[in-house]
Each structure stands twice: as structure tokens, then as C-alpha cells.
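For reference, the structure is listed below as C-alpha cells.
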Amino acid sequence: MSGPHQIAVIGAGIAGLACAAALQAAGLAVSVFEKSRGLGGRMSTRLGENWQCDHGAQYFTARNQDFRAEVLRWQKAGAADLWTPKLEVMGNTPHLHSHQSIERFVGTPSMTSPAHFLANNISVTSKITVQQIE
């Protein structure tokens, strides 16, 4: 077989984009196909006139050392930041606690920012549904 392999990644969520970025860094030609109009998957943001609402993941954590290093890269690029809300647990349920020691992160200025950062040099086709793989 001559020439570089053409790789298709289905889904432009964080996992799909991270996979595409790793494949592209390895020298492969990668195209990402996304059924939605935007990037980010569960890390989604709705925009309106003078408002935005993150309605997918509220925040994310980075407990794995490799993922923590990636989040640090996002932070340095301004695509993510530490989120330090005041959390309260309602009720008297003993198994619930607020996990104040867990670092929580959000995309900045919106939850889709890490996805946009990852997709910076990747070919992404949105609003397309993959019907069949051959």
C-alpha cells in the first residue's frame, strides 16, 4: 500500500479529538466526523443573545497523571481553568459529601473550549451522520 493511511474518527468529543490529535502527531492523515453542529460532545455550551449555558458536564476532574498534564496544557492555553465553587450538600444523607479536596475544572470561556483547542489543526466535518463504514 502506498501513501499515508487515511484515518476517520467518528465523534468530536474530547475522546475523539484526543485520539485524532494523537494519530495526527504520529504522522497519519486524520479526518473527524461529527453529527452535531459543534465540538465537545458532553462538554457542550448553548449560546443565546447575551447568555451562555453549559448544559453537558458541569465540570471535569483530572485524577490520572497523564490527563492532568493535558489539562495543564489546556490551562496554559486559556482553554480550561480550575473551578472553585462553594458546594453544599443538602439533607442528612450520610453517604453524601462535597469532596472539597477534589480539583474541579471547567472549559474557559465555555465548556467547549478544550475541544476547540484540541481541534485546532484537525480536519473536522460537522453536521454529518456516518451511515456505514466499509
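A few comments on the model shown:
- Cross-link partners of Lys127 among lysines (Cα-Cα below 22 Å; sequence separation of 8 or more within a chain): Lys35
- Against the main long axis of the alpha-carbon atoms of the chain, helix 14-25 sits at an angle near 40°.
- Crossing angle, helix 65-77 versus the chain [Cα axis fit, 0-90 degrees, rounded to tens]: 90
- Pairwise FRET efficiency - Asp66 versus Ala26, Cβ, R0 = 22 Å, nearest 0.05: 0.85
- Applying 0.36 nm per residue to the separation of Thr84 and Gln6 and subtracting their alpha-carbon distance, the gain on full extension is 23.9 nm.
- If only the Cβ of Lys and Arg carry +1 and only the Cβ of Asp and Glu carry -1, the dipole of the chain around its Cα centre is close to 40 debye.
- When the P(r) of region 33-82 is calculated, the portion above 19 Å amounts to 40% of the C-alpha pairs.
- Gap separating the Cα centres of region 99-134 and region 57-94, nearest whole Å: 16
- Whole-number percent relative contact order across the chain, with pairs defined as alpha carbons under 8 Å at least 6 apart: 33
Every number in this text was worked out from the coordinates using simple rules, so none of it is lab data. Worth saying up front: this structure is predicted, and the values here are computed from it rather than measured. Cβ: placed from backbone, ideal geometry, glycine included. Neighbour counts: every protein chain shown.
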